[in-house]
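*Asks:* Let me give you the structure first, and then I'll get to my questions.
The values are calculated or read from the model by the stated rules, or taken from the named source; none is laboratory data. These figures come from a predicted structure and were not determined experimentally. Here the Cβ positions follow ideal geometry from the backbone for every residue, glycine too, while neighbour counts run over all protein chains shown.
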Amino acid sequence: MSGRVTIVGGGLAGIAAALDCADAGVQVTMLEVRPQLGGAAYSFEREGLRLDNGQHVFLRCCTEYIALLERIGSRGLTTLQPRLEMPVLAPGAAVGWLRRSGLPAPLHLAGALAAYSHLDAADRARAARAALALRRLDPADPRLDTRTFGDWLTAHDQTPAAIEALWDLIARPTLNLPAAEASLAQAVQVFQTGLLSSADAGDIGWASAPLGDVHDVAARRALAAAGVEVRVRWRAERVARDTGGRWWIDGADERVDADAVIVAVPHDRVEQLLPPGSLAAPERLRDLGASPIVNLHVAYDRPVTDLPFAAAVRSPVQYVFDRTRSAGLEHGQLLAISLSAAYDEMELRPEELRARYLPALAELFPNARWARVERFIVTREHAATFRTAPGSAALRPANETLLPGLALAGAYTATGWPATMEGAVRSGRAAARAALAALPEEHSCEAVAA
């Protein structure tokens, strides 16, 4: 076929869109400004280690992301729990566990909540009632997007201790905001989809190899096999079209033509690329804002824990992952601390972060008190995600623009999901459908699932 779709951006959204368009039989070109694919989920080398820019976990309910891993052949480079089992640490306390049973939802979590040692009996009972009330809400109700999750929790008798030790444990990493600032509508979607609707939906998965292998290397191989032309280190400066409806993308010294274009870049870059008249309210992209994530990579001279990952409460640590093998550390142990909504940490110097977090790790992992820290590496994502604050649902654009043949892809679009890998993949597939629908009929696609 002679139809061509050009995709600007090689993150997960762009990869998913490219594969769907290639499967439809059209020619596909991908333009990516970075030297690697994967977007916000990538690896880099520092001080002889292969590190991930963040600890990007997924759940069993992330069906489109898991399907993409299968499609590109990297599913075997990830680990997915057979059953939800999350260790939760606190200074000076025994490990608390959140485990699901084999009962149907929502009973699958009843035992976990009843035995959760980081809440007292009264808070556990109140949390169970709030979970049942949360299950009855409709995430599509626009009224839910006008208030915070924290306000709703307080109105349902959740104490500050319960919000910290239970609700924020899930809300903060998935929404990249604490409950006090996050949209109730988006929180409902997260808890219903991940925990309250299906017993196995919340089983946790993570990359057991560097993200560069899981996404970049595997995607390049799959895209090449599908016939997609991938150009890295290619900065798109402008997307435009002529009076005949033919599209083109201008780079620094090259132009790429297309019959349809999918723009799959972060939301803060979209407006500057699009031609006038693409969006009814382009200022809404600016209003989405951004939330940061900070990661701390701590290499010890000896193992300090046998847990593959853990959450933490009553500690500045949020989540910590053992990345020793994937980083290529030959001796000792590498722990990666993931800090969501890390506004305060963004302002701290590495030595200040070290002074705060090394003692905090030693409180959670007593063996760290006698271990020597050989490396302490800080990575920061200033605009890791958009802000899932009240009102954000109305700001998220559809995948279709006002100009036929131009589509948007990215986790910030109106997928119904927060800014996750699953949301990115879903947006890419939706953008592919929109772009393909704008091609002449002989190029249209029945191969892309609805």
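*Asks:* Look through segment 282-292, keep the residues that are part of a helix (DSSP H, G or I) and without any contact (Cβ under 8 Å) to a residue 40 or more places away in the chain, and return whichever of them is nearest to the chain's Cα centre (by Cα).
*Replies:* Residues of segment 282-292 part of a helix (DSSP H, G or I): 283-287.
Narrowing the set further to residues that are without any contact (Cβ under 8 Å) to a residue 40 or more places away in the chain leaves 283, 286.
On the way: GLU283: 24, ARG286: 20 Å.
Among those that are part of a helix (DSSP H, G or I) and without any contact (Cβ under 8 Å) to a residue 40 or more places away in the chain, it is ARG286.
*Asks:* Residue under question is LEU37, and the condition is that it be at pLDDT 95 or above and in a strand (DSSP E or B); does it hold?
*Replies:* Working: at pLDDT 95 or above: yes; in a strand (DSSP E or B): no.
So LEU37 does not fit the description; no.
*Asks:* Can you report the number of residues in segment 63-86 which are in a helix (DSSP H, G or I), surrounded by fewer than 17 Cβ atoms within 10 Å (Cβ to Cβ) and of a type in the set (Asp, Glu)?
*Replies:* Restricting attention to segment 63-86, the residues satisfying the condition of being in a helix (DSSP H, G or I) are 63-72, 75-77.
Cutting the leftovers down to surrounded by fewer than 17 Cβ atoms within 10 Å (Cβ to Cβ) gives us 63, 67, 70, 75-76.
Still in the list and also of a type in the set (Asp, Glu): 70.
Residues meeting the conditions: 1.
*Asks:* Same structure again: Determine if segment 360-368 includes at least one residue that is closer than 23 Å to GLY194 by Cβ and within 26 Å of the chain's Cα centre (by Cα). Spell out how you get there, then give the answer.
*Replies:* Filtering segment 360-368 for residues closer than 23 Å to GLY194 by Cβ gives none.
No.
*Asks:* I would also like to ask the following. If the requirement is being surrounded by fewer than 20 Cβ atoms within 10 Å (Cβ to Cβ), modelled with pLDDT under 95 and in contact with a Ser or Thr (Cβ under 8 Å, 6 or more places away or on another chain), which of these qualifies: ALA93, ALA105? Walk me through how you get there before you give the answer.
*Replies:* Details: ALA93 fails: modelled with pLDDT under 95.
Unique residue meeting the criteria: ALA105.
*Asks:* On to the next question. Out of ALA219, ALA240, ALA224, which single residue is assigned by TED's automatic domain parsing to the domain that holds MET421, in contact with a helix residue (DSSP H, G or I) (Cβ under 9 Å, 6 or more places away or on another chain), more than 26 Å from HIS108 (Cα to Cα) and not polar (S, T, N, Q)? Break it down stepwise before answering.
*Replies:* Details: ALA240 fails: in contact with a helix residue (DSSP H, G or I) (Cβ under 9 Å, 6 or more places away or on another chain); ALA224 fails: in contact with a helix residue (DSSP H, G or I) (Cβ under 9 Å, 6 or more places away or on another chain).
Exactly one residue qualifies, and that residue is ALA219.
*Asks:* Something else: I'm trying to understand the selection: among the residues of segment 1-32, which are surrounded by fewer than 24 Cβ atoms within 10 Å (Cβ to Cβ) and not in a loop (DSSP other than H, G, I, E, B)?
*Replies:* Hits for segment 1-32 are ARG4, ALA22, ASP23, GLN27, THR29.
*Asks:* Test THR159 against the criterion of being surrounded by fewer than 16 Cβ atoms within 10 Å (Cβ to Cβ), over 25 Å from ALA199 (Cβ atoms), over 21 Å from the mean Cα position of the chain (by Cα) and of a type in the set (Val, Ile, Thr), and give yes or no.
*Replies:* Values: surrounded by fewer than 16 Cβ atoms within 10 Å (Cβ to Cβ): no; over 25 Å from ALA199 (Cβ atoms): yes; over 21 Å from the mean Cα position of the chain (by Cα): yes; of a type in the set (Val, Ile, Thr): yes.
Spelling it out, it is not the case that THR159 is surrounded by fewer than 16 Cβ atoms within 10 Å (Cβ to Cβ), over 25 Å from ALA199 (Cβ atoms), over 21 Å from the mean Cα position of the chain (by Cα) and of a type in the set (Val, Ile, Thr).
*Asks:* Considering each residue of segment 9-63, count those that are under 21 Å from VAL230 (Cβ atoms), touching a Lys or Arg at 6+ places or on another chain (Cβ under 8 Å) and not charged (D, E, K, R), and give that number.
*Replies:* Residues in segment 9-63 being under 21 Å from VAL230 (Cβ atoms), touching a Lys or Arg at 6+ places or on another chain (Cβ under 8 Å) and not charged (D, E, K, R): 16 in total.
Residues checked against (1) within 27 Å of the chain's Cα centre (by Cα); (2) touching a residue at least 12 places away in the same chain (Cβ under 8 Å):
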site: GLN192; (1), (2): yes, yes
site: GLY205; (1), (2): yes, yes
site: ASP213; (1), (2): yes, yes
site: ALA218; (1), (2): yes, yes
site: ALA225; (1), (2): yes, no
site: ARG255; (1), (2): no, no
site: PRO266; (1), (2): yes, yes
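*Asks:* Here's a follow-up. Looking only at segment 77-90, count every residue that is in contact with a Ser or Thr (Cβ under 9 Å, 6 or more places away or on another chain) and of a type outside the set (Lys, Arg) and tell me the total.
*Replies:* Matching residues across segment 77-90 total 6.
*Asks:* Name the single residue, out of those in segment 133-186 being of a type in the set (Asp, Glu) and in contact (Cβ under 8 Å) with a residue 60 or more places away in the chain, that is nearest to GLY423 (Cα to Cα).
*Replies:* Keep residues of segment 133-186 that are of a type in the set (Asp, Glu), which gives 138, 141, 145, 151, 157, 164, 168, 181.
Cutting the leftovers down to in contact (Cβ under 8 Å) with a residue 60 or more places away in the chain gives us 145, 164, 181.
Numbers: ASP145: 18, GLU164: 26, GLU181: 20 Å.
For segment 133-186, the residue satisfying everything is ASP145.
*Asks:* Given ARG372, ARG396, ARG380, which one is farther than 26 Å from ALA165 by Cα and either within 18 Å of the chain's Cα centre (by Cα) or modelled with pLDDT under 95 (or both)? Give the steps one after another, and end with the answer.
*Replies:* Numbers: ARG372 fails: either within 18 Å of the chain's Cα centre (by Cα) or modelled with pLDDT under 95 (or both); ARG380 fails: farther than 26 Å from ALA165 by Cα.
From the options ARG372, ARG396, ARG380, the qualifying one is ARG396.
*Asks:* When you scan segment 166-179, how many residues do you find that are out of contact with any Gly (no Cβ under 8 Å at 6 or more places or on another chain) and under 17 Å from ARG124 (Cα atoms)? Working first, answer last.
*Replies:* Just the residues of segment 166-179 that are out of contact with any Gly (no Cβ under 8 Å at 6 or more places or on another chain), to begin with: 166-169, 171-173, 175-177.
Retained after the next criterion (residues that are under 17 Å from ARG124 (Cα atoms)): 166-169.
Final tally of qualifying residues: 4.
*Asks:* From the residues in segment 118-160 that are β-branched (Val, Ile, Thr) and assigned to a helix (DSSP H, G or I), which one is farthest from ALA180 (Cα to Cα)?
*Replies:* Taking segment 118-160 as the starting set, the residues that turn out to be β-branched (Val, Ile, Thr) are 146, 148, 154, 159.
Then keep just the ones that are assigned to a helix (DSSP H, G or I); that gives 146, 154.
Details: THR146: 13, THR154: 10 Å.
Among residues in segment 118-160 that are β-branched (Val, Ile, Thr) and assigned to a helix (DSSP H, G or I), the one farthest from ALA180 (Cα to Cα) is THR146.
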